[in-house]
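The values are calculated or read from the model by the stated rules, or taken from the named source; none is laboratory data. Since we're looking at a predicted model, the values are computed, not measured. Using ideal geometry, Cβ is built from the backbone for each residue, glycine included, and neighbour counts are taken over all protein chains shown.
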Amino acid sequence: MNNVDMKTIILFAVVALVASALSMLIMGAATLISLAPTAIIVGAMLTAVIVTAIMIIIMVAGYGVRSAQPATSETASSSADFSVTDPLTRTMNRRGITIGIMDAMALGERYGNPLSVAKLDLDALAKVNEKYGQEAGDRLLAGVAAVLADALRMPDKIGRFDEDEFILVMPQTRIDDAFMISDRLRALIEKQKFSVDGETASITISAGVTEYQPGDDLESLFSRIQKGVDQSRESGRNTVTKI
């Protein structure tokens with residue numbers, strides 16, 4: 001039994017005791033002034049009912065006020081815990097895109113549907129932050145995310161996986177098509193001009209792309225796309241490598 005149940009029982013017990021005590025006092029007083037027995041009983045019962053009702057109303061109102069604030073806090077906390085949107089880029093966050101990958105992997109495993117996944121890593125975002133400041137870097141990052149999101153095909157999903165990394169999930173897509181899609185996005189970002197503190201800035205992407213294989217788990221899938229990103233960086237950046 002929790003604390004709320006125990007407090008409720010104690011309050012009802014107090015109400016009952018107070019009502020009984022008042023009834024006994026009224027009956028005793030009425031006897032002294034020689035009222036009829038029926039009048040004594042009716043008066044005592046009415047008094048007990050009125051007192052009980054008043055105390056129950058007070059008790060319920062007080063309990064409602066006490067419980068309202070914790071419930072609100074718990075709801076807000078729960079909403080934050082289950083959010084799947086990155087507040088800066090308005091794409092999926094790490095949790096959301098991971099769920100998207102797992103759902104697509106489950107379909108691939110069950111029905112044999114093709115699935116490809118890419119990691120898009122922004123080149124030299126740290127230099128932008130150093131030159132213009134963190135807020136300017138965040139605005140550029142949000143701009144990149146908007147361009148990527150607008151260029152997606154309908155079934156594809158994109159999410160911010162790390163500070164300067166995005167994961168692209170491409171259901172029903174083989175590796176060669178996924179490579180072309182990823183390279184098209186790379187070229188789109190390369191040509192894009194972003195406004196940063198009144199100046200024009202550009203940025204490039206190094207990417208790795210792979211196709212889901214039966215038996216893959218998140219670790220093996222992420223390991224391959226990270227290997228692709230590393231090879232793209234070693235090749236001079238601003239390129240896509242398929243693994």
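Taking the stretch 187-229 as the search range and keeping residues that are part of a loop (DSSP other than H, G, I, E, B) and closer than 20 Å to residue 98 by Cα, which one is nearest to the chain's Cα centre (by Cα)? The extreme case among them is 217.
Residue 158 - would you say it is of a type in the set (A, V, I, L, M, F, W, C) and farther than 19 Å from residue 186 by Cα?
Details: of a type in the set (A, V, I, L, M, F, W, C): yes; farther than 19 Å from residue 186 by Cα: no.
Taking the combined requirement at face value, the residue does not satisfy it.
Here 180, 154, 170 are screened, and the one residue that is surrounded by fewer than 16 Cβ atoms within 10 Å (Cβ to Cβ), of a type in the set (A, V, I, L, M, F, W, C) and modelled with pLDDT of 95 or more is 180.
Sub-7 Å Cβ pairs linking a first residue in the stretch 212-227 that is at negative phi and in contact (Cβ under 8 Å) with a residue 12 or more places away in the chain to a second residue that is part of a loop (DSSP other than H, G, I, E, B) and aromatic (Phe, Trp, Tyr), at least 6 apart or interchain, are 221/212, ordered by first then second residue.
If you go through the stretch 213-230 and keep only what is surrounded by fewer than 17 Cβ atoms within 10 Å (Cβ to Cβ) and not hydrophobic (A, V, I, L, M, F, W, C), you end up with 213, 214, 215, 217, 219, 220, 223, 226, 227, 230. Inside the stretch 124-149, residues that are surrounded by fewer than 18 Cβ atoms within 10 Å (Cβ to Cβ), more than 23 Å from the chain's Cα centre (by Cα) and of a type outside the set (S, T, N, Q) make up a count of 9.
Please indicate, with yes or no, whether at least one residue in the stretch 101-114 is assigned to a helix (DSSP H, G or I), within 18 Å of residue 240 (Cα to Cα), in contact (Cβ under 8 Å) with a residue 24 or more places away in the chain and of a type outside the set (Lys, Arg). No, because not a single residue in the stretch 101-114 is assigned to a helix (DSSP H, G or I), within 18 Å of residue 240 (Cα to Cα), in contact (Cβ under 8 Å) with a residue 24 or more places away in the chain and of a type outside the set (Lys, Arg).
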